[in-house]
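Only one structure is covered here, and it is reproduced in the block below.
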Amino acid sequence: MNKKTIIANWKMNKSLAKSINFAKNLIKNYYETDNNIVICPSSICIHDVLKIFSDTNISVGAQNCFWADRGAYTGEISAEMLHEIGVEYVILGHSERRTYLSETNEIINKKILNSLENNLKVILCIGEKTRQNNNINSIFTDIEECLKSVPKNSFNDIIVAYEPVWAIGSGVSLDPENANIICENIQEFVENKYDFCNIKTIYGGSLNPENSKNFLNQPKIDGILVGNASLDLNKFIKIISK
Ligand code: PEP
């Protein structure tokens, strides 16, 4: 099996003490895996979590960043700042930010361009809102708008996270075979449109220790993005273990 990327999105769930505790226990109980593991804590916990993982092959990601390097943007954190402290990844375009903070594809595009310029790897989240609205063309439009003006040599640093919004936090996931087909469609779209082969595509939405292997075994699914189940150490260890 190819190396897969397993990303934990803790959202706004773990305090500093809980983040530190999880990170330390993850290392203690961690079985070596060939997969890439990326933990995305709340921004105020990133620095401490990074220090704990410094001698491991576990990477740290942010859940958001701003589109400018610095300036009068009260409350924001830049990709430049994240990169300076050792953050490798940033999640952009998550449906919760689109819903609660009105992030548009235009805003996400500006954040993607700035993140790539600052050498962060981008995890771009896209996915249909309802089960009925599963028109693949709307996903392609989102990708096109979010990746506007991205240079071809940056595509290696982009992971497209296909997350059907209806599956996020609902306890109902898409079936792995269909998720594999959508990931394949996304790869073909990117190849035709941007002449870039095999963009990394991952799946997210109600994954757990029972169903995650079925997704990781799919040939076109390069990894998974895990929300709820990544908050529980035992569940997460089961997900990342072979
Ligand atoms: C997510 O929010 O990206 C996600 C996949 O959440 P959950 O695993 O809880 O559905």
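The values are calculated or read from the model by the stated rules, or taken from the named source; none is laboratory data. Quick caveat, the model's predicted, so the values are computed rather than measured. Neighbour counts run over all protein chains shown; Cβ positions are idealised from the backbone, glycine included. We work out accessible area using only protein heavy atoms, side chains counted, and drop any ligands, DNA or RNA first. Shrake-Rupley method; radii C 1.70, N 1.55, O 1.52, S 1.80 Å.
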Worksheet entry | Label-to-label distance, nm, for residues given as Asn198 and Asn29 (7 Å Cα→Cβ offset) | 3.4 nm
Worksheet item: Label-point separation (nm) for Thr99 and Ser149, each offset 7 Å from Cα along Cα-to-Cβ?
Response: 3.1 nm
Worksheet item: What does the accessible area per residue of the stretch 167-212 come to in Å², with a 1.4 Å probe and no ligands, DNA or RNA counted?
Response: 44 Å²
Worksheet item: For the chain, modelled as a Gaussian network with Cα springs under 10 Å, which listed residue fluctuates most, Ile224, Ile186, Ile136?
Response: Ile136
Practice prompt. State the percentage of accessible surface on the stretch 5-240 attributable to carbon and sulfur atoms; use a 1.4 Å probe and exclude ligands, DNA and RNA.
Written response: 47 percent
Worksheet item: Can you list the residues, at least 5 places off or on another chain, whose amide H is less than 5 Å from the amide H of Ile202, using H built in the peptide plane?
Response: Val160, Ala161, Tyr162, Asp222
Fill in: Inter-centroid distance (Cα atoms) of the stretch 19-74 relative to the stretch 76-122, Å
15 Å
Worksheet entry | the chain - charge dipole about Cα centre, Lys and Arg +1 at Cβ, Asp and Glu -1, debye rounded to 20 | 680 debye
Discussion item. Just to be sure I understand: with springs between alpha-carbon atoms less than 10 Å apart, which residue in Asn208, Asn57, Asn133 has the highest mean-square fluctuation in the Gaussian network model of the chain?
Written reply: Asn133
Fill in: the stretch 5-240 - percent relative contact order, Cα under 8 Å, separation 6 or more
19 percent
Discussion item. Using the Karplus curve 6.51 cos²θ - 1.76 cosθ + 1.60 with θ = phi - 60°, what ³J(HN,Hα) values do you get for each residue of the stretch 144-153, in whole Hz, with x for Gly and Pro?
Written reply: 4, 6, 6, 9, 4, 6, 6, x, 4, 6
Worksheet entry | Hypothetical label at Lys18: residues of the stretch 205-234 whose amide nitrogen lies under 16 Å (7 Å Cα-Cβ projection) | 227-234
Fill in: Net lengthening on full extension, Glu84/Glu117 (0.36 nm per residue, minus Cα-Cα)
10.6 nm
Practice prompt. Among the listed pairs Lys14/Lys111; Lys18/Lys238; Lys148/Lys193; Lys148/Lys200, give every one whose C-alpha distance is greater than 21 Å.
Written response: Lys14/Lys111
Worksheet item: For the chain, with equal point scatterers placed on the C-alpha atoms only and solvent neglected, what are the log10 I(q)/I(0) values from the Debye formula at q = 0.08, 0.12 1/Å, to two decimals?
Response: -0.27, -0.63
Item to complete: State in Å² the accessible area per residue of the stretch 1-146; use a 1.4 Å probe, count heavy atoms of protein chains only, and round to the nearest integer.
Response: 51 Å²
